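Some notes on the structure that comes next.
No lab work stands behind these numbers, since they all come straight from the coordinates. The shown structure was predicted, so the numbers you read here are calculated from the model rather than taken from an experiment. Neighbour counts run over all protein chains shown; Cβ positions are idealised from the backbone, glycine included.
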Amino acid sequence: MHYSHRLSWTLSHNRLTQAIERKREHSARLLDLTVSNPTEVFEDYPHEEIRAALARTSDFTYRPDPVGENSARKAIAAWYHSREIAISPERLVLTASSSEAYALLFKLFCDPGDEVLVPVPSYPLFEFLATLESVRIVPYRLCYEGAWHIDFDSLRSGLSSRTRAIVIVNPNNPTGSFLKQSERQDLLEILARYSLPLICDEVFMDYSAGNPGERVRSFIGSDSILSFSLNGLSKSAGMPQMKLGWIAINGPAADCTISRERLELLLDTYLSVSTPVQRALPRLLEIGAEIERKISARLHNNLCILDRLLTNSPAHRLYFEGGWSAILRFPNTMTEENWVMQLLERQDVIVQPGYFFDFAAEPYAVVSLITQPGIFEEGIGRLSLSARQGAA
């Protein structure tokens, strides 16, 4: 039987996953510091309010609109307006998720074998999404020097005649770093010079820590070049199960019109967005505002726990600007994989190794800041103890 080469990844589990499965088979109590699903980490998650929002829908007549129902797009435009970001509903198209949004945009701009520039470290999703579209991923580096910044030499060296778009994640996952205004200007100059569109993943937009300063919050309203701002209910409202995202189209009017027309054709091919979710969207966004506040409070609380427990520890966290993750640096006394495996085997603590996200060096680990506080505190306490023992 012949299968597509687009599915050529190994299906066997890595060493860490196998070890976790063995632990769970023996009913070990594991402290999982990687859980980032809001529906799992909040005991008071508003299941009943969401059920009621869906139950209020009385008209289930199917009137498919490829770009999404007008009432839903108006609700999203109002959501942005409440954040002092102006956008017309006509510049919005709905998708089932940000993953689908990436797939659509890769289809929009790329032929098989074309290239898209993506940041590293970053969430290890791009390679899968691009490969499934027969697109090649070309990484450019984010560098850490007390704070994260784009390595523009790396970005420029990745450009070729096959480059069709540049992706940024703002704030990045897992680094939490926001694009700065000076970086934005350099990026716009490159995009304009090479006539490239920008795909800007803004799903963690609302989760910012410290002084915003020179941070770029969104590319919405930036009309000098064609760009696409991705967001959705998964992170902005803490509702990954609702499966509704959107793309905001930004740029010169003529380019936006052409892109919207072609996206409409692609969307009409799949019609993936659920009608009940679209009609419940105004109320879901209201409920999501409270979930977002709880997530923000959890992030702040766990960050304080992390800093307290790592005081005078040989492990330390990197500078944090936003998002849901914290990056920890271990002493360079053993490999990253050994650190992660030792935490699991000796302390029953699960963290994600930096190599999951293509860190350029080691040893790093990534933890979720929305983990339940009791689990988080106990897990970080054990991690800090392990770091002291490993550095001795």
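Remark: the Cα gyration tensor places region 145-184 in the prolate category, a/c being 1.5 or greater and a/b exceeding b/c.
Which FRET efficiency, nearest 0.05, do Arg388 and Asn37 yield, Cβ-Cβ r, R0 41 Å?
Here the calculated transfer efficiency is 0.85.
Between the C-alpha center of region 181-196 and that of region 225-283 there is a gap of 24 Å. Using only the C-alpha atoms, the convex hull of region 270-372 corresponds to 164 Å³ per residue.
With semi-axes defined as the square roots of five times the eigenvalues of the C-alpha gyration tensor, the equivalent ellipsoid of the chain measures 34, 26, 21 Å, largest first. In this calculation the C-beta distance from Arg162 to Glu337 is compared with R0 = 45 Å, giving a FRET efficiency of 0.85.
Loop-located trypsin sites (Lys or Arg not before Pro) across region 1-110 with a Cβ neighbour count of 16 or fewer within 10 Å are Arg29, Arg56, Arg83, with loop assigned by DSSP. Relative to the longest principal axis of the Cα atoms of the chain, helix 70-81 runs at roughly 60 degrees.
Across region 99-109, rounded Karplus estimates of 3J(HN,Hα) from the backbone phi angles (6.51 cos²θ - 1.76 cosθ + 1.60, θ = phi - 60°) give 4, 5, 4, 4, 4, 5, 6, 5, 5, 5, 10 Hz, Gly and Pro being marked x. Does region 244-288 come out rounded, prolate or oblate, given a ≥ b ≥ c as the square roots of the eigenvalues of its C-alpha gyration tensor, rounded meaning a/c under 1.5 and, failing that, prolate meaning a/b above b/c? Oblate, since a/c reaches 1.5 and b/c is not below a/b. If you wrap region 135-231 in the convex hull of its Cα atoms and look at it from every side, the mean projected area works out to 6.4 nm². Take the Cα of Ser274, step 7 Å along the line toward its Cβ, and report every residue of region 241-261 whose backbone nitrogen sits under 18 Å from that point. Label zone hits: 241-246. Nearest-5 percent of antiparallel DSSP beta bridges in the chain? Here the antiparallel bridges make up roughly 55 percent for the chain. May I ask you to list the residues of region 104-136 whose amide nitrogen lies under 13 Å from a point 7 Å from Cα along the Cα→beta-carbon direction of Leu7? The answer is 132. For the chain, the longest principal axis of the C-alpha atoms and the axis of helix 253-270 are separated by about 80°.
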